[in-house]
1. Please determine whether any residue of region 17-28 is more than 21 Å from residue 234 (Cα to Cα) and surrounded by 11 or more Cβ atoms within 10 Å (Cβ to Cβ).
2. Report whether or not residue 247 is at pLDDT 95 or above, within 25 Å of residue 313 (Cα to Cα) and buried (at least 16 other Cβ atoms within 10 Å of the Cβ).
3. Just to be sure I understand, how many residues within region 93-111 are over 17 Å from residue 78 (Cα atoms) and surrounded by fewer than 14 Cβ atoms within 10 Å (Cβ to Cβ)?
4. If you go through region 146-169 one residue at a time, do you hit one that is part of a strand (DSSP E or B) and more than 24 Å from residue 91 (Cα to Cα)?
5. Within the set of pairs 6 or more residues apart or between chains, which connect a residue that is outside the structural domain of residue 71 (by TED's automatic domain parsing) inside region 173-194 to a residue that is surrounded by fewer than 20 Cβ atoms within 10 Å (Cβ to Cβ) and outside any loop (DSSP other than H, G, I, E, B) with Cβ atoms less than 6 Å apart?
6. Restricting attention to region 61-73, report how many residues are surrounded by fewer than 21 Cβ atoms within 10 Å (Cβ to Cβ) and farther than 16 Å from residue 186 by Cα.
7. I'm told residue 248 meets every condition in (1) touching a residue at least 12 places away in the same chain (Cβ under 8 Å); (2) within 30 Å of residue 53 (Cβ to Cβ); (3) not in a helix (DSSP H, G or I) except one. Can you identify the failing condition by its number?
């Protein structure tokens, strides 16, 4: 597969910004290249633009090569960069499933790229043939969120494989919630599919949403383009240090995931017993999509009680649905007690 054929011509020709820290390797006796203040170490210096040490730690955890990792300011940065690298504004298009994460279409609009939505099947199942039918010669990217948001379900692996095998362009699988799922990540398939991009995040299972650090995984060739286009110092030193420290707490993170999975099961059972509940959809994420009798009314009453959930009533195929994040045992109990009074 000729990946370069999918890249915008101006990006292929782009000469990226280069700083001395990109060009110099090792420990310098004196840094006199970047017009920094020499006092106030270590935060007086610009951070490592390639985040080398952090990527090496992530690579060991995720069983990938450091050169297969791009770090972004949340997952939204690599989402935006994907459009800027592969989609010519006003000409190319991208295809995504619906319902799904809203930033795919928002970033498409920002970049003046047509975004085509393909409705999911019953119970939010993926139909690869319908997705492929929505593509044309100007389709450069297909977006798939698995586990999907807001439905919570993993997309069928065989259907995703059809997209990877038959689509002549980039396939992005957003795995923001994969740590809560029983199925393996697509990271193990990176060497098998040169057109595969996998997104993950530290915002969910790793409890670092405010730190804003997302991950894009792909082949070295693909990531060369991301490194050309991203801003030189997109991940600050405070973030790199904080994430690195948290990655030493793997056991605690796994323990928290286990607690959330147990709470997810309890929450589902409790929701199913409520008079206001019509249906609880299966979930592989840390949230549950619930069809209720009156989403707008129930949402308003919960807000009045200072309980915030996500009203998805206006989203395709989500009529009268609320998306409820699995909280602490105390938060979940408070929610259920409030919902018991609602019809």
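1. Checked against the condition, which is being more than 21 Å from residue 234 (Cα to Cα) and surrounded by 11 or more Cβ atoms within 10 Å (Cβ to Cβ), region 17-28 yields at least one hit.
2. On the way: at pLDDT 95 or above: yes; within 25 Å of residue 313 (Cα to Cα): no; buried (at least 16 other Cβ atoms within 10 Å of the Cβ): yes.
No.
3. Qualifying residue count for the region: 0.
4. Narrowing region 146-169 to residues part of a strand (DSSP E or B): none.
No; the residues of region 146-169 include none that is part of a strand (DSSP E or B) and more than 24 Å from residue 91 (Cα to Cα).
5. Taking only residues 6 or more apart or on different chains, not a single pair turns up.
6. Selection size over region 61-73: 3.
7. Exception for residue 248: condition (1).
Here is a yes/no grid of residues against (1) touching a helix residue (DSSP H, G or I) at 6+ places or on another chain (Cβ under 8 Å); (2) more than 22 Å from residue 52 (Cα to Cα):
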| position | (1), (2) |
| --- | --- |
| 179 | yes, yes |
| 187 | yes, no |
| 195 | yes, yes |
| 217 | yes, no |
| 224 | no, no |
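The values are calculated or read from the model by the stated rules, or taken from the named source; none is laboratory data. These figures come from a predicted structure and were not determined experimentally. Cβ sites come from the backbone with ideal geometry, for glycine too, and all protein chains shown count toward neighbours.
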